[in-house]
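Worksheet: one structure, shown below.
The values are calculated or read from the model by the stated rules, or taken from the named source; none is laboratory data. Computed from a predicted structure; not experimentally measured. Cβ atoms come from the backbone with ideal geometry, glycine included; neighbour counts cover every protein chain shown.
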Amino acid sequence: MACLLMVACNKEGEFNPKNKIDRIYYSSSYKSEIYNNGSWETDHTNNRPKYVSEIWHWEGNVLKSISHYAYDGELSYTEKFEYDGKRIISISSLDGDGRHIINYENGKISSIDCYSYNEKYALYEFSHDKGKISSIRATYFSLEKSALSPFSVNALRFFIPISNPDNIVKAMANNSERNDSKGGIIETCDMKFEWSGKNVSKITYTIDNELPYSFEYSYDEKMNPFYGLFYLEEDPWQLLMLSKNNVTREFIREDDYYDESNYTYTYNGKVPATKSHTYISNNNDYRYTESYTYYYEYK
């Protein structure tokens, strides 16, 4: 599931954008190369032309569900949203394999309980300062099943800023080795937020009290059409739907390791029409180039 948590400009849990997304398309390309005898040789390629990845279903100003499609055009799953008035209180899959319960206190999100096949696998606890999210503690629990439901794994892309989804999936898959008692804690992740106006400027992560790592962000001046949502899109780190504007640069810092990603946009008036990203890794004998583009259609 691509868990959609609405955190509107002033009232958390409400989302009513002026520009309502109708469809999202996606295309990607990948090429890996091996350095051999003084030159780079292609090792593997994978290209996916533009296809429909999401269709958003609205009733007036209310987002009722989102259908997600695979590259072959088949429906992967549909997530539905339940409300208490204008505020979302749960997100679930139509087939019932996952559910997320959003809890509020004093008009702010206080916690989120996440279930996979009726088992609780995660708890997110929120803290606020001056009306903004200042920190989140994520606690992950071992499961009786060896893996999360597809609905729940995908929740991490539409969700709140957490540790890499791949790491969580591996942790869940190996939970029997790490903790013999079902329901035991297998990992905690603390996230601290820094803000610049209405944009998140920095998030610092600490997993199980290990050395922290951070993500720093720069923005354009156009309206983010997901503003008010926790939305990771396909790549695990690109969240920032907490921010009013669109991310153009992401700088990662972890001990002595540094990395940088840049994003480019075309626009339809005041909102993005496309978002593109290309990443090139490089070392002495192996490198890969990965590119993708999102295409946004509005109602």
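If Tyr227 meets every condition in (1) farther than 19 Å from Tyr30 by Cα; (2) at pLDDT 85 or above apart from one, which number is that one?
Tyr227 satisfies every listed condition except (2).
Out of everything in region 48-93 that is touching a residue at least 40 places away in the same chain (Cβ under 8 Å) and among the basic types (Lys, Arg), what residue ends up being farthest from Asn118 (Cα to Cα)?
Lys50
Pick from region 209-220 the residues that are touching a strand residue (DSSP E or B) at 6+ places or on another chain (Cβ under 6 Å), of a type outside the set (Ser, Thr, Tyr) and farther than 19 Å from Tyr295 by Cα: which of them is surrounded by the most Cβ atoms within 10 Å (Cβ to Cβ)?
Filtering first and then ranking leaves Phe215.
Here is a check on your reading of the model: is Gly13 surrounded by 13 or more Cβ atoms within 10 Å (Cβ to Cβ), at positive phi, in contact with a strand residue (DSSP E or B) (Cβ under 9 Å, 6 or more places away or on another chain) and of a type outside the set (Val, Ile, Thr)?
yes
Taking region 42-68 only, how many residues are within 21 Å of Ser281 (Cβ to Cβ) and either exposed (fewer than 10 other Cβ atoms within 10 Å of the Cβ) or aliphatic (A, V, I, L, M) (or both)?
1
Answer yes or no: is there a residue in region 282-291 that is touching a residue at least 12 places away in the same chain (Cβ under 8 Å), of a type outside the set (Ser, Thr, Tyr), in a loop (DSSP other than H, G, I, E, B) and farther than 30 Å from Asp22 by Cα.
Yes, region 282-291 contains a residue that is touching a residue at least 12 places away in the same chain (Cβ under 8 Å), of a type outside the set (Ser, Thr, Tyr), in a loop (DSSP other than H, G, I, E, B) and farther than 30 Å from Asp22 by Cα.
For region 251-270, name all the residues that are aromatic (Phe, Trp, Tyr) and over 20 Å from Asn282 (Cβ atoms).
Tyr265, Tyr267
Being part of a strand (DSSP E or B) and of a type in the set (A, V, I, L, M) is the filter; apply it to region 80-121 and report the residue that is surrounded by the most Cβ atoms within 10 Å (Cβ to Cβ).
Among residues in region 80-121 that are part of a strand (DSSP E or B) and of a type in the set (A, V, I, L, M), the one surrounded by the most Cβ atoms within 10 Å (Cβ to Cβ) is Ile91.
Taking interchain pairs and intrachain pairs at least six residues apart, which have beta carbon atoms under 9 angstrom, with the first residue in region 251-274 and closer than 24 Å to Thr206 by Cα and the second loosely packed, with under 12 Cβ neighbours inside 10 Å and of a type outside the set (Ser, Thr, Tyr)?
Phe251/Glu260; Ile252/Glu260; Glu254/Leu211; Asp255/Leu211
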